[in-house]
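Okay, structure first, notes after.
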Amino acid sequence: MILGQLLQCSNLYEHLLQSQQNFAQLFAEFPCIAFDRQYLVYIVTNMSTAFLTAIAVILCILFRILNVNSQPLKPSVWCLDQQFLDTLYKIAPVLKEPYVPTRLWGFSGHMQTVLHSIIGRVKCPWPLGERVYLSLDDGSTLTYDLYQPIKEFEDDITLAICPGIGNSSESVYIRTFVHYAQCHGYRCAVLNHIGALGSVQVTATRIFTYGHTEDFADMIDNLHRKYPGTCIITVGFSLGGNLITKYLGEVQTRKPESVIGGISICQGYNAVEGTKCLLNWQNFRRLYLYIMTENMKSIILKHRQVLLSDESIQRHNLNEREIIAAATLPELDEAYTRRVHNFSTTQELYRWSSSENYFDNIDKPIIFINAKDDPLIPEFLLGPVKNFVVSHQQACYIEVAHGGHLGFYEGGFIYPNPVTWLDRTLIAMIGALFIVHTTPNKHKSGVSAQC
């Protein structure tokens, strides 16, 4: 297909080179060009066919990567519960509107993902909060950052936010969302994954993992004690989405009644199949996997005095050379994670960590959001969540055609808006979940619930 496009481009340039009149007709179609068209025609007609063909090749590849032929599309929504869906549409009309990515590069999932990982957000604020320290039973020191609402509203709602892999309250996309939520009257608590903050020392021989929800549960419990009258809505990004979904679906995990629902963004649902996909070079997934592996290794090595102490190495049968040499996450999990957390194999660790295995026990309203062009999450991994929401009440899955992995930039031609589509949509979703909680619901007792 690409070869055919290149041949077409080459033939087009050959045709255009036949006369300056052809070029003049071409540039007459673009009155927005401000410079001297006659001079441009003179330059182009004196270029060699080979040079123009090379330009055609570059343009074809660039246009294919940027996916510039795509058009804005409305999000696709899966939901069994019509009353729940009506509430979402009422409070979040953005779901009925096309998502308009940044025109030049926003239709490329790779560009959205890469720019998210490099710059996070544009004009990012730095919200002011307090850091809360918790000493856990295993000796770990857990921290979360607490941000009070900038505008006071009648309803007391706290967002319990779980960031992505290796991220924290200092991550740019988290800061942007927190500030936006504060401006809408929400209190925010952001979990700092153990080991992610360089300024907080690791005090036990472990860091965060894909499936351990205990840290998040401890933050929720502490919030419940601090603010017994608040309603808590869980919000998870990427790995954090897996954790909040698993938390809501775990039967043995304690959950205060003040937890009224959750929103998961860009998670993969199945760690077993997800890691298999990341090991392939298709869609550059192996490259993304390498970057994630290096980030995880850097966290371990940053705290090596505790995590790789002689006592820890002996207790968990670790080999520091194998950890350093690990080139993929499965290799790193084999050398470190599954040993520290007492799993016999990495497959056992991944099965236990996968949120889709806990769907059926979720008894709170929940919303899932994914982008179809997310390069980290192939489309077949999204099947189980679609099956779940069309067979359970008060569950909804929203799929956006574009947005990449946690990008969702919108507006502008090159420079996007400071607030993303995701930020706007999440605030609306939070309001919808609160309305669902406080409004009589025919699917439950019919009595208005209170936090």
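Selection over the stretch 332-355 of residues that are in contact (Cβ under 8 Å) with a residue 12 or more places away in the chain, in contact with a Ser or Thr (Cβ under 8 Å, 6 or more places away or on another chain), closer than 19 Å to Lys276 by Cα and not polar (S, T, N, Q) gives a count of 5. Among the residues making up the stretch 86-115, those that are open to solvent by less than 20 Å² (accessible area, probe 1.4 Å) and either in contact with a strand residue (DSSP E or B) (Cβ under 7 Å, 6 or more places away or on another chain) or assigned to a helix (DSSP H, G or I) (or both) are Leu88, Val94, Leu95, Tyr99, Gly109, Gln112, Thr113.
Residue check: Ile430 meets all listed conditions (1) at pLDDT below 95; (2) touching a Phe, Trp or Tyr at 6+ places or on another chain (Cβ under 9 Å); (3) open to solvent by less than 20 Å² (accessible area, probe 1.4 Å) but one, namely (1). Applying the condition of being surrounded by fewer than 19 Cβ atoms within 10 Å (Cβ to Cβ) and outside any loop (DSSP other than H, G, I, E, B) to the stretch 376-398 and asking which residue is nearest to the chain's Cα centre (by Cα) yields Glu379. Among all residues of the stretch 350-371, there is none that is more than 15 Å from the chain's Cα centre (by Cα), at pLDDT 95 or above and on the phi > 0 side of the Ramachandran plot.
Flag not set for Ala189, criterion: within 23 Å of Leu115 (Cα to Cα) and either open to solvent by less than 10 Å² (accessible area, probe 1.4 Å) or outside any helix (DSSP H, G or I) (or both). Considered as a group, the residues in the stretch 237-289 that are buried (at least 17 other Cβ atoms within 10 Å of the Cβ), of a type in the set (Lys, Arg) and part of a helix (DSSP H, G or I) include one that is modelled with the highest pLDDT, and that residue is Lys246. Filtering the stretch 400-418 to residues that are buried (at least 18 other Cβ atoms within 10 Å of the Cβ) and more than 21 Å from Glu273 (Cβ to Cβ) leaves Val400, Ala401, His402, Gly403, Gly407, Phe408, Tyr409, Glu410, Pro416. Residue count for the stretch 124-146 under the criterion of being open to solvent by less than 10 Å² (accessible area, probe 1.4 Å) and part of a strand (DSSP E or B): the result is 4. Is it the case that Ile300 is surrounded by 17 or more Cβ atoms within 10 Å (Cβ to Cβ) and over 19 Å from Asn167 (Cβ atoms)? For Ile300, the condition - surrounded by 17 or more Cβ atoms within 10 Å (Cβ to Cβ) and over 19 Å from Asn167 (Cβ atoms) - is not met.
Which of the residues spanning the stretch 172-186 are more than 18 Å from Leu223 (Cβ to Cβ) and either open to solvent by 20 Å² or more (accessible area, probe 1.4 Å) or among the aliphatic types (A, V, I, L, M) (or both)? Across the stretch 172-186, the qualifying residues are Val172, Arg175, His179, Tyr180, Cys183, His184. Any residue in the stretch 376-399 that is within 25 Å of Leu279 (Cβ to Cβ) sitting within a Cβ distance under 6 Å of a residue that is open to solvent by less than 10 Å² (accessible area, probe 1.4 Å) and aromatic (Phe, Trp, Tyr)? List the pairs, counting only those 6 or more apart or interchain. If the second residue must be open to solvent by less than 10 Å² (accessible area, probe 1.4 Å) and aromatic (Phe, Trp, Tyr), the pairs left are Leu381/Tyr269; Pro384/Tyr269; Val385/Tyr269; Val385/Phe368; Val385/Tyr397; Lys386/Tyr397.
Restricting attention to the stretch 317-330, the residues being part of a helix (DSSP H, G or I) and either buried (at least 21 other Cβ atoms within 10 Å of the Cβ) or touching a residue at least 24 places away in the same chain (Cβ under 8 Å) (or both) number 4.
Among the numbered conditions (1) closer than 19 Å to Asp373 by Cβ; (2) of a type outside the set (Lys, Arg); (3) outside any strand (DSSP E or B), the only one that Trp78 does not meet is (3).
For the stretch 192-212, a residue qualifies if it is in a loop (DSSP other than H, G, I, E, B), among the polar types (S, T, N, Q) and open to solvent by less than 20 Å² (accessible area, probe 1.4 Å), and exactly one does: Thr209.
Every test in (1) over 24 Å from Ala335 (Cβ atoms); (2) modelled with pLDDT of 95 or more; (3) small (Gly, Ala, Ser) is passed by Gly195 save one, and that test is (1). Tallying residues that are closer than 16 Å to Ala395 by Cα, open to solvent by less than 40 Å² (accessible area, probe 1.4 Å) and not in a loop (DSSP other than H, G, I, E, B) within the stretch 339-364 yields 3.
The values are calculated or read from the model by the stated rules, or taken from the named source; none is laboratory data. This one's a predicted model, so the numbers in the text were calculated from it and none came from an experiment. With ideal geometry, Cβ positions are generated from the backbone for all residues, glycine too; neighbour counts draw on all protein chains shown. Side chains included, ligands, DNA and RNA excluded: accessible areas come from the protein's heavy atoms. Shrake-Rupley method; radii C 1.70, N 1.55, O 1.52, S 1.80 Å.
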